[in-house]
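Only one structure is covered here, and it is reproduced in the block below.
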2 protein chains.
Amino acid sequence: MSLATDTTDQPTLYKRIRADIEKRILTGEWPPGHRIPFEHELVARYGCSRMTVNKALSELAQADLIERRRRAGSFVRRPQHQSAVLKIADIRAEITALGRGYGYELIGRKLRAATAADRDRLGVKKAGKVVAITCRHSADNVPFAVEDRLIDLASVPDAATADFSREPPGSWLLHHVPWTEAEHTISAIVADDRTAEALDIAVGAPCLVIDRYTWRSARTITAVRLLYPGDSHRLVARFKGG
Amino acid sequence: MSLATDTTDQPTLYKRIRADIEKRILTGEWPPGHRIPFEHELVARYGCSRMTVNKALSELAQADLIERRRRAGSFVRRPQHQSAVLKIADIRAEITALGRGYGYELIGRKLRAATAADRDRLGVKKAGKVVAITCRHSADNVPFAVEDRLIDLASVPDAATADFSREPPGSWLLHHVPWTEAEHTISAIVADDRTAEALDIAVGAPCLVIDRYTWRSARTITAVRLLYPGDSHRLVARFKGG
DNA sequence: TTGACTTATATGTCTAGACATATAATCGTG
DNA sequence: CACGATTATATGTCTAGACATATAAGTCAA
């Protein structure tokens, strides 16, 4: 076992150590459960101080490639099949990235006191005002997705006066709400009359649905439902880690 | 600005520093673009060495919460809305995690020379043998998902003799292929006759589709299509960084 | 055999320095 | 003013130590 064979002069030593180990894991040479050389062994092999080796191993641990156990050593982790990175781009960015012309159209906008259904959807208890927005995104003048959004004015007061006739609410919020958490739920439905008309598809055609709930510091900001024609649109998720 | 106010005795200092900064970012107190105090300022504030501060900041940089620029300082990064962690659990684990009884049923298994369609689906050029498997997963004896899988025997020769009548091919592969990359594509369709029967739903009902392509070192291993009843099943993705 | 105690050891964290390096800011010159 | 050279500075990496701490493994008694 010659760990330090790779002599491509990488910028720094700890990165080379990290890359060497990562390579062995990814090629399967060190399978899940395999014990990685102890820090003191790597120190001897690379002729460096323990902190340098420690930094390489810590980063691998942070990336969930290895697991470190006191007294026992460091071990290759089992691949985590269940976790993938799903890229859900901002719709405008997504469409322009495809080299197609982005179109936006505000269908409806209402400012109202929150109904019971609104409060349920936003997950808030107290009554308050909300903005309800319906709009459509299109690519090269072909309907791409319809959006049905609710914004809690208690969390985002500025939304009451914002002009959503030109700018999509998603973009507007992105620039006004600095940091959030969110939850996406993906499901499938068949198009009802209203959806079919908005997306210019047949009634009964499949639709991909993304429900997104966004909040900040445990405070709900917005709930949005996006409907895509199910046979045309695709969400792609790529990941590493078998 | 009193950075070190939080005196909850966290296990270690660098973690406390990291948590303190993370909190300010997540609450929006330090919005995107904001310059974080210099290392030497944090050293003075926390009364520790620079390596301790550096470790905290390095981890925040690795997590893409901040960006570090030589000579300039460290800055809060803009949230990356488009990236979410989508949990797609192993079906068996998913069902048992719900506290429901897992059931598995092999519907069909064929070993054949790859047809043109097979090669296309697996993304391989050369002819070779493949195993085609159709099976069904159920929760408390209710159909949960149907699986339609193709395994490339050139990559996984053992699959030719594996017994898939008891163990789902997904689980089997998980234990035989140490590390892979994969790509998921999510879409929606309406159930055709065969699908409707397998899932015990009506023809024309919505279905959520996950196509998963798995490979290892640029070599395709398996292609699988999972069909879920679209109105019952939901994929949930949560993320931070909105 | 089992459970409680002890010990050895690998990792976890930290220090007080050092030099390297990219680059923002400044200074000088045409 | 524009542009190139210089300088100051914040981060990047690294060292040779130190003590803390969890725990695998061994020891011993009931």
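The values are calculated or read from the model by the stated rules, or taken from the named source; none is laboratory data. These figures come from a predicted structure and were not determined experimentally. We place every Cβ from the backbone using ideal geometry, glycine too, and count neighbours over all the protein chains shown. Calculation scope for accessible area: heavy atoms of the full protein, side chains included, ligands and nucleic acids excluded. Shrake-Rupley method; radii C 1.70, N 1.55, O 1.52, S 1.80 Å.
Some observations on this one:
- Taking the stretch B:166-207 as the range and being surrounded by fewer than 16 Cβ atoms within 10 Å (Cβ to Cβ), within 13 Å of another protein chain (Cβ to nearest Cβ) and out of contact with any Asp or Glu (no Cβ under 8 Å at 6 or more places or on another chain) as the test, the residues that pass are B:HIS175, B:GLU183, B:ASP192, B:ALA202, B:GLY204.
- Positions within the stretch A:176-209 being modelled with pLDDT of 85 or more and in a strand (DSSP E or B), in sequence order: A:SER187, A:ALA188, A:ILE189, A:VAL190, A:PRO206, A:CYS207, A:LEU208, A:VAL209
- Scan of the stretch A:32-79 for residues that are in a loop (DSSP other than H, G, I, E, B) and more than 14 Å from every other protein chain (Cβ to nearest Cβ), ordered by number: A:PRO37, A:PHE38, A:GLY47, A:CYS48, A:ARG71, A:ALA72
- Any hit, the stretch B:121-142, residues being modelled with pLDDT of 85 or more, over 30 Å from A:LYS23 (Cβ atoms) and within 14 Å of chain A (Cβ to nearest Cβ): no
- Test: residue in the stretch A:225-238 that is at pLDDT 75 or above and surrounded by fewer than 21 Cβ atoms within 10 Å (Cβ to Cβ): yes
- Identity of the residue in the stretch A:6-23, open to solvent by less than 50 Å² (accessible area, probe 1.4 Å) and away from DNA strand C (no atom under 15 Å from the Cβ), that ends up modelled with the lowest pLDDT: A:ASP6
- Taking the stretch A:41-72 as the range and being closer than 18 Å to A:TYR14 by Cα, near DNA strand C (Cβ under 6 Å from one of its atoms) and open to solvent by 70 Å² or more (accessible area, probe 1.4 Å) as the test, the residues that pass are A:MET51, A:ARG68.
- Exactly one residue out of B:ASP148, B:ASP163 is out of contact with any Phe, Trp or Tyr (no Cβ under 6 Å at 6 or more places or on another chain), part of a loop (DSSP other than H, G, I, E, B) and open to solvent by 30 Å² or more (accessible area, probe 1.4 Å), and it is B:ASP163.
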